1. In the stretch 70-154, which GluC sites (Glu not before Pro) are in a loop and have at most 13 other Cβ atoms within 10 Å, using DSSP for the loop call?
2. Where Rh denotes the Kirkwood radius from the mean inverse Cα pair distance, what is Rg over Rh for the chain?
3. With a cut-off of 8 Å between alpha carbons and a minimum separation of six or more residues, what is the relative contact order of the chain in percent?
4. Kindly report the accessible area of the chain per residue (heavy atoms of protein chains, probe 1.4 Å, no ligands, DNA or RNA), in Å².
5. Viscosity 0.890 mPa s, temperature 25 °C: give me the Stokes-Einstein translational D for the stretch 70-128 in µm²/s, with Rh taken as the Kirkwood radius over C-alpha pairs.
6. Distance between Cα centroids, the stretch 2-29 to the stretch 84-126: provide it in whole Å.
7. Quote the charge dipole size of the chain about the Cα centre in Debye, to the nearest 20; the model charges only the Cβ of Lys and Arg (+1) and of Asp and Glu (-1).
8. Through the Karplus equation 6.51 cos²θ - 1.76 cosθ + 1.60, θ set to phi - 60°, convert the phi angles of the stretch 102-118 into ³J(HN,Hα) values in whole Hz; use x for Gly and Pro.
Amino acid sequence: MDWIPLLSTAFGAVIGVAATLLADRVRARSNRQEEDRALRRRLYGDYLAALSLTRHNLRTAARSSSVSPAERVRMALDSFKEAGVYQARYQVSLVAHEPVVEASTSAFNALRSLRDLVEVGGGSHGDPAYRAAQDAWAACFATLRQCMRRDLGS
């Protein structure tokens, strides 16, 4: 009996199965990476929106000169709660790479410093400390967006 055709067929089958398994593995990894990227994109967008809404609410509190100091403090504190920035921050910290987490923490802390200024009554637009905190926030927010874009590959 001639074994060469039989061995050739078996060897070809092994190569075909191995190639199929390898292609499926590569495709599955690619799909998983794309799903991870889509999740990060959605969470990053939600977090940036929450930060922006919080900043808007803080700006409103800072510009509200007709309300009592106690009301301004309440508005400043509520700005973080209403936007869901804490929840979004924790979600981002679970899925983001380290440079994004670091930039996220810096932006969050800069925003919290802005809130603290509004709470103690120094958060008016004419206040130099408020302007400096606002500039620091803007720089941290820009850095965060840049890190997120780099992480998403865009």
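The values are calculated or read from the model by the stated rules, or taken from the named source; none is laboratory data. Source: prediction; values computed, not measured. Note: ideal-geometry Cβ built from the backbone for every residue, glycine included; neighbour counts use all protein chains shown. Heads up: the accessible areas ignore ligands, DNA and RNA and are worked out on the full protein's heavy atoms, side chains in. Shrake-Rupley method; radii C 1.70, N 1.55, O 1.52, S 1.80 Å.
1. none
2. Taking Rh as the inverse mean 1/r over Cα pairs, Rg/Rh reads 1.41.
3. On the way: 109 pairs, mean separation 36.9, N = 154.
Once normalised by length, the contact order is 24 percent.
4. 61
5. On the way: Rh = 12.6 Å.
Result for D is 195 µm²/s.
6. A separation of 54 Å, based on Cα centres.
7. On the way: 21 positive and 16 negative charges, 69 e Å.
The dipole magnitude comes to about 320 debye.
8. 5, 5, 5, 5, 4, 5, 4, 5, 5, 5, 5, 5, 4, 4, 4, 5, 5
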